[in-house]
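Trainee: Got a structure here, written out as structure tokens. Questions coming.
The values are calculated or read from the model by the stated rules, or taken from the named source; none is laboratory data. Since this is a predicted model, take the numbers as computed values, not measurements. Note that each Cβ is placed from the backbone with ideal geometry, even for glycine, and that neighbours are counted across all protein chains shown.
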Amino acid sequence: MKWASRRVDGTIGLSDRDTSPRGRIPAEPPAFLAIFDGMSQLRARFRSIDDNSIFHELEEVVYDHEGSLLEVHHDLAPLAERTPGDWKQLFGGRAGAMDLPDRSGVWGKKEWVLPQIPDDHIVSLAEGWNPLLPSPRTAARLGLADLRLKLCGTTHTGSFKDLGMTVLVSWVNHLRRTGAPIRAVACASTGDTSAALAAYAAAAGIPAIVFLPADKVSLAQLIQPVANGAHVLALDTDFDGCMKVVQELTQDKTIYLANSKNSLRVEGQKTVAIETVQQLRWTAPDWFVIPGGNLGNVSALAKGLDMMYDLGLLTGKRPRIAVAQAAAADPLVKSFEKGLAPLEPQTARTTLASAIRIGNPVSFPKAIEALKKYNGVAESVSEDRLSDAAAHGDLEGFYHCPHTGVALGALEQLVEKGVIEKGSRVVVVSTAHGLKFSEFKTGYHEGKLDGVQSRIANRVQRIAPTYAAVQDALKARLG
């Protein structure tokens, strides 16, 4: 008998070889399926991160409480009624499912993400289950025992933002279908958030409004929301200016905020941690290295780890977290250097890592808590270093975006400083696909990036169309 997808009524959809009526659980199902008992009673709520006695229902259109950021709170007591082995078997059983929502790396962990949403209100584009690939030559060069890249850009719109957007748009879809007067969803973006919002909103038939800083995103990032029918507004400002405008706009509760200030996004993005640990056979690396801009991904990583430790799926020593920022936009690094001092907003300067060109990150308080809890560090990286680091990685068959270059450059520096010890096991979170930043690749290999030496540029050779010319060219390359 082959087990497949969950139904809203708690039954289990079976393959066409199943003969039980309506695919209901047989009299003696596998033990792990008992985990469905009582799962319909699970609920998540918003909770203030500054006062844990203050809650809001998810049905409320609310993004903070008197200036305090909110988090999505899960009551762990009913979740803890299931053993760690039960959860591992359940999540493992859903991995590789053919049908949505279980096929999704996010919704395959629905009980930990957004348990009360009906399956038929979920808007999924088969996000998640991103590859976790080894990078053995870079590991050897740096003296690491193991280095893996979590390729979150291998997804529908090409970035990790899909993981959070499926949750947010699904919940908006649920609210609209249950009578809430929400007219549209809106976000400010440096490119990837707008692409994800536009795609998921289009799939759900919900109008989307996107604010982009004019002339500060790649062409590939710009065209994605345009193609998906979003109302795209280019503002003559930076991301922080766009964020200010969208927060003013979404004071109208019929327009729903889709930035990471809305903590529903974190619920999807936290599955990066859970999925990575699952791919490592339920073990954690020594270090996670992750690029940081608005810093929602950092807090999400920590939240996913928190749930696994709280529910016993992970035990023992906790991994450390390194947040990598471009030197042109590094407010978290400046705070870290001053002992996790309060945020001092910056005017972010131009950087090749345009998606993290953010000087006033909304999720700064959550990121600080993540660094405290996981003995974390923050490291800034120059344009020259991030470019070379991405190029080195590409020589192992990757196609790294500049933000992954920031993370890899930070990894190199932290190893050089002895912060990340030789022999460590490291996972670098790659947040977007390099195909969204091909101008960056072209500029590097043509030697046209300002302030970048392009030490390992691979320039195209133009030669005569003769066998002799080819032989001469190959002799220079191959010997």
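Trainee: Among the helices (runs of 4 or more DSSP H) confined wholly to segment 292-375, which include 3 or more residues that are more than 30 Å from Leu76 (Cα to Cα) and either among the acidic types (Asp, Glu) or at pLDDT 95 or above (or both)?
Mentor: Those helices (runs of 4 or more DSSP H) span 331-337.
Trainee: How about segment 307-334: which of its residues are of a type in the set (D, E, K, R), buried (at least 20 other Cβ atoms within 10 Å of the Cβ) and out of contact with any strand residue (DSSP E or B) (no Cβ under 6 Å at 6 or more places or on another chain)?
Mentor: none
Trainee: Can you find, within segment 344-368, the residue that is surrounded by the fewest Cβ atoms within 10 Å (Cβ to Cβ) among those that are among the hydroxyl-bearing types (Ser, Thr, Tyr) and within 19 Å of the chain's Cα centre (by Cα)?
Mentor: Ser363
Trainee: For segment 113-149, name all the residues that are surrounded by 24 or more Cβ atoms within 10 Å (Cβ to Cβ), not in a loop (DSSP other than H, G, I, E, B) and not β-branched (Val, Ile, Thr).
Mentor: The answer is Leu147, Leu149.
Trainee: What pairs come out if I take residues in segment 302-327 that are touching a residue at least 24 places away in the same chain (Cβ under 8 Å) and within 19 Å of Val377 (Cβ to Cβ) and pair them with residues that are crowded, with 21+ Cβ neighbours inside 10 Å and polar (S, T, N, Q) whose C-beta lies under 6 Å away, six or more apart or interchain?
Mentor: Correct list of pairs: Gln325/Ser380; Ala326/Thr351; Ala327/Ser380.
Trainee: Here's a follow-up. With the condition kept exactly as written, say whether any residue in segment 166-181 is closer than 24 Å to Ser354 by Cβ, in contact with a Ser or Thr (Cβ under 9 Å, 6 or more places away or on another chain) and small (Gly, Ala, Ser).
Mentor: Within segment 166-181 (the criterion being closer than 24 Å to Ser354 by Cβ, in contact with a Ser or Thr (Cβ under 9 Å, 6 or more places away or on another chain) and small (Gly, Ala, Ser)), the answer is no, since none of the residues qualifies.
Trainee: Additional query: For segment 357-394, which residues satisfy the criterion of being more than 14 Å from Gly292 (Cα to Cα) and hydrophobic (A, V, I, L, M, F, W, C)?
Mentor: Within segment 357-394, Ala389, Ala390, Ala391 qualify.
Trainee: Sort out which residues of segment 376-387 are closer than 17 Å to Val426 by Cβ and assigned to a strand (DSSP E or B), and write them in order of number.
Mentor: Val377, Ala378, Glu379, Val381
Trainee: What number of residues in segment 139-188 are among the small types (Gly, Ala, Ser) and touching a strand residue (DSSP E or B) at 6+ places or on another chain (Cβ under 6 Å)?
Mentor: Pass one, segment 139-188, residues among the small types (Gly, Ala, Ser): 139-140, 143, 145, 153, 158-159, 164, 170, 179-180, 184, 186, 188.
With the extra rule that they be touching a strand residue (DSSP E or B) at 6+ places or on another chain (Cβ under 6 Å), the set shrinks to 139, 145, 153, 158-159, 184, 186, 188.
The number of residues fulfilling the criteria is 8.
Trainee: OK, next. Need at least 3 residues that are within 17 Å of Ile358 (Cβ to Cβ) per element, so show me which helices (runs of 4 or more DSSP H) inside segment 190-269 make the cut, counting only ones lying wholly within it.
Mentor: Result: 192-204, 239-249, 264-269.
Trainee: Still on this model: Could you say which residue among Leu33, Leu90, Leu69, Leu100 is surrounded by 15 or more Cβ atoms within 10 Å (Cβ to Cβ), modelled with pLDDT under 95 and farther than 30 Å from Lys261 by Cα?
Mentor: Answer to the check: Leu33.
Trainee: Select from segment 424-449 the residues that are in a strand (DSSP E or B) and buried (at least 20 other Cβ atoms within 10 Å of the Cβ) and list them in ascending order.
Mentor: Correct list: Val426, Val427, Val428, Val429, Ser430, Ala432, His433.
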